[in-house]
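To start, the structure under review is shown below, and the notes come after it.
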Amino acid sequence: MKLHFVRSPLALAALAALGSTVLVSAPDLARAAKGAGQYVTGDFHNHTTCSDGSISMQKLVKKATDKTDTPWGLDWFVQAGHGGNGNRNCTLAEDSTLATPAYPLVYSADGSSVQGPTTTWQNTNPAVQPKGLASGTAPSQNMWRWQSLQEFQYPLLEYLSAYKNKPMFLGLESVVAGHEHSSMSVITGQMPKAMDTAKLPTSAGYTALGNASALSQWEYCFDRADTDTSRGNATVGGTTGNNWDCSVAGSLNSADPSWNVTAAKLMPASGTGSGERGHAKTVEAIKWLAQKHVSGAYYVPAHLERAGPFNPDGNNGYNVEHLRDFNNAGPTIAFGFETQPGHHASDNRGEYSPNRNTINGVKVDSVGGTTWGGTGVYGAIVGGVWDSLLGEGRNWWFFASSDWHNRGSFGPDDRRSTQDFFPGEYQRDHVMVRPGSDQKLRPQTIVDGLRSGNSFTATGQLIDRLAFVACVQYRGNEDRREDIVEALALSAARGNTDLDMPGCATMGEKLVVRPGADIVVSVVVRDPSGTNYSPYTFANPSLAQVNIHQPLNKPVLDHVDVIRGMVGGYRQVGAADYAGAWPNTWLANPSMETVPAAAKNTTASVIKTFSSATWKTLRTDTQYKRMTFRIPAVSGSQYLRLRGSNLPAGVPWETDANGNPLADLYTNASNTANLKIPCTVTGSNVPENGTTYSGAAIDGCPNHLPTVNGVKYVAYDVAAWSDLWFYSNPIFIEVSGGTRVAGVK
């Protein structure tokens, strides 16, 4: 993919207006040039039949990146299934539309039937034998993920990346020791530049130029579900293969009670204390990445509220202290969380629910009980866990993912869903990526973009452009800084890029200023006209409750909130405000008074709300909304972040009187007694459930919605398309002489 950046005449004019005034005259504000870049969309957590997904790698790549047959196609894509093992061969394509010269369709030995992606490795023609400590019974033995990644998935993805000219690489949804899951990757070795000029084969067979050996080793060494003891070799005790050693420099390694000599890795015992031992192993996993792949890896806990609070005697969720531990162990590796999960069309949105797990004989909720406007409680609650981490000045960024597995009661080619959306169809990570001189997106530039924090997420294509900038103005200069900064932000938004000048900062950055400075903040969003990727054209049932008629496939941004919190410095390990679990009583009593000090930032609040009554619309293109304000005479270090929705404040069962998202219990089909929002539009194009519908013109409430006493209620995919949000990552402001924003450059 080619990216080109040209400074627009408007931006140049604004720069000239700033000239030699404040922004250039303050030497403490100077930064090295960032380089040109653009916001590009991607997804890093999804599944094929190599783990527990329902389709091949070829089909998932097509669904995620094709911009014609699947118009939501992404700019970059990371294929990332579970660690552990599996017995299905996800490199086998479903049909001829997915066949390529190097990977044609594979037929059974008698040549009569296509072997698709649910075929076991050992039933594949020719048979593929699992290595290491193989489990199961032939011909359905499981292959360890390290072998699948190294020998089969990586070569196919490298070929598809070159064949389709799409930026892609392999990742992993790790099964985390001591916790639940995490999205991660090690890009070392993947997608080398030699691919640019390589001649692709015209017949079956492909030899990769790069490799995923580093990712495969990490999976073997540190994934909880990988209990292989072969050291990545053909057999346990043999020396033919990888001969991996999972030691971490400076750690106990073989002196650790959890060390398995044969496996050359930590294998914590189950039972009492297993969660603590597992967490210790995961911290070692991040140390390993920080030592060996400091700029070539990331580790982002996934749907981290889902499994409930941390269990010291098992493998459940994460408390805030575990996120701090991870960031301390590898600040360039563990730099955020996937607190907006996938599975938005499931019967429990995000698969979060009350009483989801049992810990030590006690039923516990997913942390927060459910999602809140589709986001987990750690990211959705103002003043909660995310604000607590930002209040330390940590690099800790907000991400989202599809977590694609299947369509639930529908096939993968149906536009309706009772489970998942494809990557890019509903959620998108918009990440600032700065390609090198060759202007190509590569794994390194994508990972650098994720690490930078210069990104935002949006559901349902609520917005697709965002410029969020803070610039300093010192007293004594009477220029109308608001107009100039707003012009710069507008130029950036129209160019799908950001600003690069001294005295200004954007998402993931900090602005260092002297006490008493004014901060001019400008936000420009594009609320795209036309339709999004929803197949539903009837009016949003949630908004119908407040007499707003708005088609589900034509959402309109209702408002933007500016959230501010103060920065108080890093919490210290062992201190009273370092560790603490979110209360399991949150659904019954969602009060911040019940949240421990470690998991909240009491200074965080919404300081501004903009809507059509207060933002300015660009006359020549009404898609662009402009919002600018001033923070006068700052005296303490702080941060600003944004959120926005298609729902105004006070929508029954969706938002409270202040515009905060409410619990998604009332649209979760798992308990029909909780359903509250009726869907009453009949329509003339409402396909039956047993058919495959691939269009985008369903004009009445679909037949898969739950029915209570003859009335359909909002749930599943209709609930997701009704309730849309965007979240930005923060801008930090460090006041000289005050608290240092230590984690952000």
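Tabulated data
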item: Candidate set from region 495-512 (those that are within 16 Å of V744 (Cβ to Cβ) and of a type in the set (V, I, T)); member that is surrounded by the most Cβ atoms within 10 Å (Cβ to Cβ); result: T506
item: Counted residues, region 352-368 - those being over 15 Å from S670 (Cβ atoms) and hydroxyl-bearing (S, T, Y); result: 1
item: Search result, residues across region 409-431 that are surrounded by fewer than 24 Cβ atoms within 10 Å (Cβ to Cβ), out of contact with any Phe, Trp or Tyr (no Cβ under 8 Å at 6 or more places or on another chain) and under 23 Å from L304 (Cα atoms); result: Q419
item: Test: residue in region 449-456 that is assigned to a loop (DSSP other than H, G, I, E, B), basic (K, R) and either surrounded by 23 or more Cβ atoms within 10 Å (Cβ to Cβ) or out of contact with any Lys or Arg (no Cβ under 9 Å at 6 or more places or on another chain) (or both); result: no
item: Within region 321-350, tally of residues that are charged (D, E, K, R), over 20 Å from K281 (Cβ atoms) and surrounded by fewer than 23 Cβ atoms within 10 Å (Cβ to Cβ); result: 1
item: Filter result (under 15 Å from Y716 (Cα atoms) and either among the charged types (D, E, K, R) or in the same structural domain as N496 (by TED's automatic domain parsing) (or both)) within region 411-424; result: D414, R415, R416, D420
item: Cβ pairs under 7 Å, 6+ apart, first in region 376-400 and on the phi > 0 side of the Ramachandran plot and not assigned by TED's automatic domain parsing to the domain that holds S728, second part of a helix (DSSP H, G or I) and at pLDDT 95 or above; result: G383/M592
item: Candidates A487, A467 - the one that is closer than 19 Å to Y727 by Cβ and either of a type in the set (G, A, S) or assigned to a loop (DSSP other than H, G, I, E, B) (or both); result: A467
item: Region 570-589 - residue that is closer than 16 Å to N355 by Cα and not β-branched (V, I, T) and, of those, surrounded by the fewest Cβ atoms within 10 Å (Cβ to Cβ); result: N589
item: Some residue of region 75-91 being acidic (D, E), exposed (fewer than 14 other Cβ atoms within 10 Å of the Cβ) and in the same structural domain as E151 (by TED's automatic domain parsing); result: no
item: Matching strands (runs of 3 or more DSSP E) fully within region 662-735 where at least 1 residues are closer than 19 Å to T459 by Cβ and not small (G, A, S); result: 725-728
item: Count of region 714-744 residues which are surrounded by 24 or more Cβ atoms within 10 Å (Cβ to Cβ) and farther than 22 Å from G336 by Cα; result: 10
item: Sole exception among (1) in a loop (DSSP other than H, G, I, E, B); (2) without any contact (Cβ under 8 Å) to a residue 24 or more places away in the chain for L557, by number; result: (2)
item: The listed residue being modelled with pLDDT of 95 or more, surrounded by fewer than 18 Cβ atoms within 10 Å (Cβ to Cβ), farther than 30 Å from P435 by Cβ and not β-branched (V, I, T), out of S140, S112; result: S140
item: So P331, is it free of Cβ contacts under 8 Å to residues at least 60 places away in the same chain and not in a helix (DSSP H, G or I); result: no
item: Residues within region 150-197 that are polar (S, T, N, Q) and assigned to a helix (DSSP H, G or I), tallied; result: 3
item: In region 403-439, residue farthest from L172 (Cα to Cα) [restricted to those that are of a type in the set (A, V, I, L, M, F, W, C) and assigned to a loop (DSSP other than H, G, I, E, B)]; result: F421
item: Qualifying residue in region 491-503 (condition: closer than 25 Å to G73 by Cβ and either over 28 Å from the mean Cα position of the chain (by Cα) or among the acidic types (D, E) (or both)); result: yes
item: Subset of region 115-137 (residues that are part of a loop (DSSP other than H, G, I, E, B), of a type in the set (V, I, T) and surrounded by 14 or more Cβ atoms within 10 Å (Cβ to Cβ)); result: T118, T119, T124, V128
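Yes or no, residue by residue, for (1) crowded, with 18+ Cβ neighbours inside 10 Å; (2) within 29 Å of G37 (Cα to Cα):
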{"residue": "A467", "(1), (2)": "yes, yes"}
{"residue": "R475", "(1), (2)": "no, no"}
{"residue": "A493", "(1), (2)": "yes, yes"}
{"residue": "R514", "(1), (2)": "no, no"}
{"residue": "V521", "(1), (2)": "yes, yes"}
{"residue": "T537", "(1), (2)": "yes, no"}
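The values are calculated or read from the model by the stated rules, or taken from the named source; none is laboratory data. Since we're looking at a predicted model, the values are computed, not measured. Quick reminder, even Gly has a Cβ in these numbers, built from the backbone with ideal geometry, and neighbours come from all protein chains shown.
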